[in-house]
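Beneath this line is the structure, given in structure tokens, with notes to follow.
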Amino acid sequence: MFTAGIAGAFLVLATIRSGFRPDFEIWLSAALVVSLILHARAGFALSRAQQEIELLHRLVKKFGPSQNKAAPSLQFEPVENVGKEDAVILDEVKDAIENDRIDLYLQPIVSLPQRKTRCFEAFSRLRRADGGVLRPSDYIDAAERANRIGVVDNMILLRAVQSLRQLGPDSAQYRMFCNISPATIFDQDFFTRFTDYLDANQDLAQRLVFEFTYPAVEMMHDRVKNNLKAVADRGFAFSVDHIRRFDLNWSALRERNFRYVKAPGSLLLAESAKGDVGRARIKAFKAALIDNGIDLIVEKIEYETQMPEILSLGIDYGQGALFGAPRVAANYIRQREAANAAGAEVSPLAAAS
């Protein structure tokens, strides 16, 4: 290309000096110049295309899914610059995780009025070295303040998936609710591993439900909303609890794939006690949920005396101590194995509730 360009330039000069004679040199120099221009343009285009291809390769390498489909790590990194009380709690959490003193508890969610188990909510319990138990209320706030809540949420997810796998096909009809903090979804490094793990367990998409409190949903950062959409696009649904009113934007929640809402029994009973006006408000609340394809679960039902009023409101699902307190998930697995050994056909999950 360079030689052709130089030769073309000399031929043009020669033809100019000779008064543009003879004709052969003119056409030859013109052909060389045109060839030079065309090749140069092609070269620039190819160079630019190559640069774009290399850029795409770098982007794919940087943002593409990880090839490691193993469960996200449960490593609890040391925490600095926290208060004394938080430091004590977090040390206990770290010790329990590193020594595998983690238990998954399940609480049944039942259909009404039959009281048959349809779903479970998963809770974590950490055991101290002395045998004591750390409940979520003991460490959640400290973990969030120290930006370590992702490890705890991770732990619940891993145990929930393990339990569903161990329970086998008998558990196919049940959904499991796992509480997740928005801080976990906000952490991009964790979220990448989190979605990789969901991809590796895609067959559980219809059985795992991720639960958030309504105050957390209301204050979600745009990054969290976008990441939740990525989870919803994989087929996983969401649930919202801790609601304190009935006139929320249910259609907006449904668009984000929130398929369940949990309302405390005390909220509905207090509204029902207001007479016709209160019961009409509950009826409108239920109609709005039905219109948006959202199921209502009334939680924290503790006493049999609450049931007549709950049933009169036409509630379909209930959760609370009345139907079963949280129990170690391993109990359900042992019951399943015992039932299989005895040739039983009834699911131990339903029997356990």
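Read-outs throughout are calculated quantities, based only on the coordinates presented, and are distinct from any laboratory measurement. None of these values were measured; they are calculated from a predicted model. Cβ: placed from backbone, ideal geometry, glycine included. Neighbour counts: every protein chain shown.
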>> If amide hydrogens are placed 1.01 Å from N in the peptide plane, which non-local residues have theirs closer than 5 Å to the one on G320?
In response: K300, I301
>> Report, in listed order, any pair from K229/K274; K225/K286; K116/K283; K225/K300; K94/K286 with a Cα-Cα distance greater than 31 Å.
In response: K229/K274; K94/K286
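Taking the Cα centre of segment 89-352 as origin, sum charge times position over the Cβ atoms of Lys and Arg (+1) and Asp and Glu (-1), and report the length of that vector in debye to the nearest 20. Walk me through the numbers on the way to the answer.
Values: 35 positive and 36 negative charges, 99 e Å.
I would put it at about 480 debye.
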> Among H242, H221, which comes first, second and so on when ranked by fewest other beta-carbon atoms within 10 Å?
Replying inline: H221, H242
>> Under 25 °C and 0.890 mPa s, how fast does segment 276-330 diffuse according to Stokes-Einstein, given a Kirkwood radius computed over C-alpha pairs? Answer in µm²/s, whole number.
In response: 194
>> Just to check I understand the Karplus step: with θ = phi - 60° and J = 6.51 cos²θ - 1.76 cosθ + 1.60, what whole-Hz values come out for segment 117-130, glycine and proline as x?
In response: 5, 10, 9, 9, 9, 9, 10, 9, 9, 9, 9, 6, 4, 8
